[in-house]
2 protein chains.
Amino acid sequence: MKAVGVVVEYNPFHNGHLYHLQQAKEQTGADVSIAAMSGNFLQRGEPALVSKWARTRMALEAGVDIVFELPYRFATQHAETFAEGSVSILSAAGCDTLCFGSESGDLESFHNTIVFLEENHEAFQEKIKFFTGEGHSYPKSLALGFQSLAPSDSFIDISRPNNILGLHYIQAIISQKSSMKPETITRKNAGYHDEHFASATIASATSIRKALFGTAGEIGTIKQYVPETTYEQLINYKEHYGGFHSWENYWPLLKYKLLQSTPSELKDFYEVEEGLENRLLAAAGSSDSFQQFMESIKTKRYTWTRLQRVCLHILTNTRKDTMKTNQKTVNYLRLLGATEKGRSYLNSIKKDLSLPLVAKLSGFTDPDIELDIKASKIYALGQSGKGQEQLLSEEFGRPPIMLKS
Amino acid sequence: MKAVGVVVEYNPFHNGHLYHLQQAKEQTGADVSIAAMSGNFLQRGEPALVSKWARTRMALEAGVDIVFELPYRFATQHAETFAEGSVSILSAAGCDTLCFGSESGDLESFHNTIVFLEENHEAFQEKIKFFTGEGHSYPKSLALGFQSLAPSDSFIDISRPNNILGLHYIQAIISQKSSMKPETITRKNAGYHDEHFASATIASATSIRKALFGTAGEIGTIKQYVPETTYEQLINYKEHYGGFHSWENYWPLLKYKLLQSTPSELKDFYEVEEGLENRLLAAAGSSDSFQQFMESIKTKRYTWTRLQRVCLHILTNTRKDTMKTNQKTVNYLRLLGATEKGRSYLNSIKKDLSLPLVAKLSGFTDPDIELDIKASKIYALGQSGKGQEQLLSEEFGRPPIMLKS
């Protein structure tokens with residue numbers, strides 16, 4: 001059986017994701033689709049709207065055959081590490097192709113860019129250093145540096161977030177000597193960060209989340225942008241668990257964590273750079289919401305995403321010595337769910353798997369899964385009462401979601 | 001001027017405290033009374049009902065002339081350390097007498113007991129070891145050990161909490177070579193831990209707190225047991241800050257703190273004994289309230305108080321290496337409030353003080369005051385919104401309470 005891999009967050013699964021999934025299967029002629037999906041916390045350093053289990057169900061009901069969890073160690077990191085983890089999952093799962101969405105949509109431009117970057121490595125690093133020295137954030141410096149070196153149509157625009165991710169997928173495929181072939185599909189309409197609905201059926205996840213956190217009446221407005229199965233899952237989740245997860249749910253915990261820490265303890269957390277610890281402490285005491293806190297600590301030097309990741313690692317008690325390793329690939333394949341077709345694919349490749357397939361947590365130990373478990377416990381604290389209790393028990397108690405066709 | 005010292009928590013200040021204060025002044029013929037009062041967290045390992053500022057005001061309005069804060073390092077500890085800190089404050093403040101309430105009420109019995117314990121030190125330690133080995137808690141083993149060695153009327157009953165404290169006050173006076181004279185007054189009526197009202201005007205602080213956390217109508221029932229000024233302070237506090245503080249207010253934070261910790265991190269916290277860390281972790285995930293959590297972790301081996309102190313040190317991020325020192329005396333006198341008479345006394349002794357007198361935090365640094373500041377920040381998180389904001393700002397912003405007569 002031929003398998004196509006996709007790297008996703010599905011926060012939540014919407015029509016743009018559906019389009020990409022269908023195109024990926026069609027373009028590659030794959031029999032099964034496999035997703036490497038972030039768990040409960042995402043690359044932008046924020047909690048997923050709904051748990052990984054609810055998002056897995058959305059994915060399976062919309063046509064994904066197998067969902068593996070991208071561990072916290074990779075899921076909450078900058079593009080390079082995020083891509084390394086994702087590629088290693090899809091590669092270990094036997095995917096023939098990795099198909100990613102990009103603003104460019106042209107694989108040749110990606111290859112040209114990679115070759116150019118290799119040949120001009122030093123000059124590029126110099127440029128990046130120059131622009132960060134000017135006080136720009138790292139992503140901004142990358143884009144400015146590249147622009148100043150290679151303003152040509154034969155390259156991708158590396159200021160676009162999905163192009164950057166794509167670049168790293170291809171680089172990871174090369175460095176991991178994976179036999180997967182990269183493929184790319186032009187993203188339809190909505191930009192990643194767009195907050196407003198711009199098309200009749202395709203909207204960015206950002207704009208959908210914005211509507212979900214709006215007034216009760218607003219939830220209905222997302223109906224046209226998501227599959228019916230997603231809509232149902234969202235309504236169910238809200239009813240069942242008590243609401244959607246946002247950083248604000250965790251603000252009392254983060255505030256407490258900050259106020260009980262000394263500056264030198266804060267410096268131990270992953271991504272807390274010299275000097276940031278005092279800024280965090282000063283803002284914590286005087287902020288009454290996460291939004292207010294973020295606005296107090298934001299500077300030109302750090303992107304919002306970067307600062308959210310800092311907050312996340314502090315919230316989850318994730319230290320530098322835990323995350324700063326040279327680990328570039330996952331240690332296991334954690335199965336979150338599969339369709340019947342997905343299961344027969346898994347049965348067919350089981351004996352050739354180079355990594356342990358983890359369907360339940362009992363009996364399996366690994367430092368990365370410890371991180372995932374801890375993250376899930378903390379994610380659960382974003383709800384209270386029964387919702388919290390159920391989220392806590394799901395991590396250990398529930399088997400992967402097995403969709404019957 | 002002659003000064004009498006008292007060691008207090010005033011949680012809240014009630015008629016029993018008033019009786020003790022008046023007796024202390026009368027018996028000793030003192031011109032001024034000085035209290036060493038625990039800050040926001042208490043010896044039983046729990047948050048004070050209302051902040052140290054509100055309790056200082058209660059004390060001053062009821063006739064205490066000067067209130068110094070007993071630092072967290074001493075206030076949240078077993079009787080011996082609690083007594084050492086308290087005695088060192090009152091001694092440094094120039095008190096001529098330390099007057100404590102006790103079940104015994106007979107100073108000679110205290111002296112007899114101290115002499116007996118010195119002479120039988122080894123046999124007593126053996127007995128304690130034997131009873132703890134049998135699975136009894138430390139305080140229970142003390143009482144059983146003493147009873148088996150010295151069942152005589154000429155000694156105090158060391159199973160009574162205020163007798164034990166008194167014993168340690170006298171021992172600290174001796175070991176610190178303080179010139180203070182100990183005095184004791186028999187406690188009236190209510191036992192320390194009594195939960196029910198037993199007299200027309202005197203009730204234990206425990207029973208008063210119980211009523212305060214009851215239904216709205218119950219608050220009025222405490223009126224006869226506290227001075228009017230206390231009653232007013234309590235009503236004001238509730239209105240102004242949003243409610244009284246109990247462990248339940250901090251349970252979401254403690255639960256989070258536990259769930260984000262590894263067992264080996266928990267072992268680092270003060271008073272967490274070998275093996276307890278796993279018990280704490282297992283109970284945290286499945287408990288929905290502090291009460292439920294405590295009931296899950298309680299065993300014969302640990303007293304409720306001891307376990308609450310463990311929880312408190314985890315909540316305030318207080319590690320073994322911070323608390324395990326040989327420090328037996330305070331480093332400073334932190335003034336929380338004074339009457340006019342108290343102020344003139346302070347002026348008269350100022351130049352002879354052996355310790356810094358701290359009236360405002362800015363400009364004064366000390367590891368113990370860092371602990372107090374951290375504890376106050378965390379105490380504030382027991383309220384939300386405006387109440388929390390105000391509690392946070394008071395620690396730094398407000399001068400000592402100066403009562404005008």
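The values are calculated or read from the model by the stated rules, or taken from the named source; none is laboratory data. Predicted, not measured: the structure shown is a model, and the values here were computed from it. Cβ: placed from backbone, ideal geometry, glycine included. Neighbour counts: every protein chain shown. Note: accessible area is taken over every heavy atom of the protein model, side chains too, but ligands, DNA and RNA are not part of it. Shrake-Rupley method; radii C 1.70, N 1.55, O 1.52, S 1.80 Å.
Tabulated values for the structure
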quantity: Answer residue from the stretch B:256-288, given it is open to solvent by 10 Å² or more (accessible area, probe 1.4 Å) and among the basic types (Lys, Arg) and is farthest from the other protein chains (Cβ to nearest Cβ) among those; calculated: B:Arg279
quantity: Selection status of A:Ala83, within 20 Å of A:Gln176 (Cα to Cα) and either in contact with a Gly (Cβ under 8 Å, 6 or more places away or on another chain) or open to solvent by 20 Å² or more (accessible area, probe 1.4 Å) (or both); calculated: no
quantity: From the options A:Ala203, A:Ala216, residue that is open to solvent by 80 Å² or more (accessible area, probe 1.4 Å), among the aliphatic types (A, V, I, L, M) and either in contact with a Pro (Cβ under 7 Å, 6 or more places away or on another chain) or modelled with pLDDT under 90 (or both); calculated: A:Ala216
quantity: Filter result for B:Ala380 (aliphatic (A, V, I, L, M), open to solvent by less than 60 Å² (accessible area, probe 1.4 Å), in contact with a Leu (Cβ under 8 Å, 6 or more places away or on another chain) and within 14 Å of chain A (Cβ to nearest Cβ)); calculated: yes
quantity: Output for the stretch A:55-64, where each listed residue is open to solvent by 10 Å² or more (accessible area, probe 1.4 Å) and either of a type outside the set (D, E, K, R) or in a loop (DSSP other than H, G, I, E, B) (or both); calculated: A:Ala62, A:Gly63
quantity: Pairs with Cβ under 9 Å, 6+ apart, first in the stretch B:339-365 and within 20 Å of B:Met1 (Cβ to Cβ), second modelled with pLDDT of 95 or more and polar (S, T, N, Q); calculated: B:Gly342/B:Ser33; B:Leu355/B:Ser88; B:Leu355/B:Thr329; B:Leu355/B:Asn331
quantity: Answer residue from the stretch B:125-145, given it is more than 22 Å from B:Glu271 (Cα to Cα) and touching a Phe, Trp or Tyr at 6+ places or on another chain (Cβ under 7 Å) and is least open to solvent (accessible area, probe 1.4 Å) among those; calculated: B:Gly145
quantity: Subset tally (residues that are within 26 Å of A:Gln260 (Cα to Cα) and of a type in the set (D, E, K, R)) for the stretch B:330-374; calculated: 7
quantity: Some residue of the stretch B:107-116 being farther than 27 Å from B:Lys25 by Cα and either in a helix (DSSP H, G or I) or not assigned by TED's automatic domain parsing to the domain that holds B:His17 (or both); calculated: yes
quantity: Filter result for B:Thr303 (within 19 Å of the chain's Cα centre (by Cα) and at pLDDT below 95); calculated: yes
quantity: Of all residues making up the stretch A:366-375, the number that are within 14 Å of another protein chain (Cβ to nearest Cβ), in contact (Cβ under 8 Å) with a residue 24 or more places away in the chain and either open to solvent by 10 Å² or more (accessible area, probe 1.4 Å) or among the aliphatic types (A, V, I, L, M) (or both); calculated: 5
quantity: Matching residues, the stretch A:361-388, being closer than 22 Å to A:Ser246 by Cβ and more than 22 Å from the chain's Cα centre (by Cα); calculated: A:Ser384, A:Gly385, A:Lys386, A:Gly387, A:Gln388
quantity: Flag for A:Gly243 being farther than 27 Å from A:Gly135 by Cα and either outside any helix (DSSP H, G or I) or in contact with a Lys or Arg (Cβ under 8 Å, 6 or more places away or on another chain) (or both); calculated: yes
quantity: Options B:Ile173, B:Ile114; residue that is over 20 Å from the mean Cα position of the chain (by Cα), at pLDDT 90 or above and among the aliphatic types (A, V, I, L, M); calculated: B:Ile114
quantity: Residue that is nearest to A:Met294 (Cα to Cα) [pool: residues in the stretch A:26-53 that are open to solvent by less than 10 Å² (accessible area, probe 1.4 Å) and among the small types (Gly, Ala, Ser)]; calculated: A:Gly45
quantity: Hey, A:Ser405 hydroxyl-bearing (Ser, Thr, Tyr), within 14 Å of chain B (Cβ to nearest Cβ) and either in contact with a Ser or Thr (Cβ under 8 Å, 6 or more places away or on another chain) or exposed (fewer than 15 other Cβ atoms within 10 Å of the Cβ) (or both) or not; calculated: no
quantity: All positions within the stretch B:389-402 that are open to solvent by 70 Å² or more (accessible area, probe 1.4 Å), under 24 Å from the mean Cα position of the chain (by Cα) and facing chain A (nearest Cβ under 10 Å); calculated: B:Phe396
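Results for (1) within 20 Å of B:Ser178 (Cβ to Cβ); (2) open to solvent by 20 Å² or more (accessible area, probe 1.4 Å), shown as yes or no for each residue.
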{"position": "B:Thr322", "(1), (2)": "no, yes"}
{"position": "B:Arg334", "(1), (2)": "yes, no"}
{"position": "B:Gly337", "(1), (2)": "no, no"}
{"position": "B:Lys341", "(1), (2)": "no, yes"}
{"position": "B:Tyr345", "(1), (2)": "yes, no"}
{"position": "B:Ala359", "(1), (2)": "no, yes"}
{"position": "B:Gly363", "(1), (2)": "no, yes"}
{"position": "B:Ser384", "(1), (2)": "no, yes"}
{"position": "B:Gly387", "(1), (2)": "no, no"}
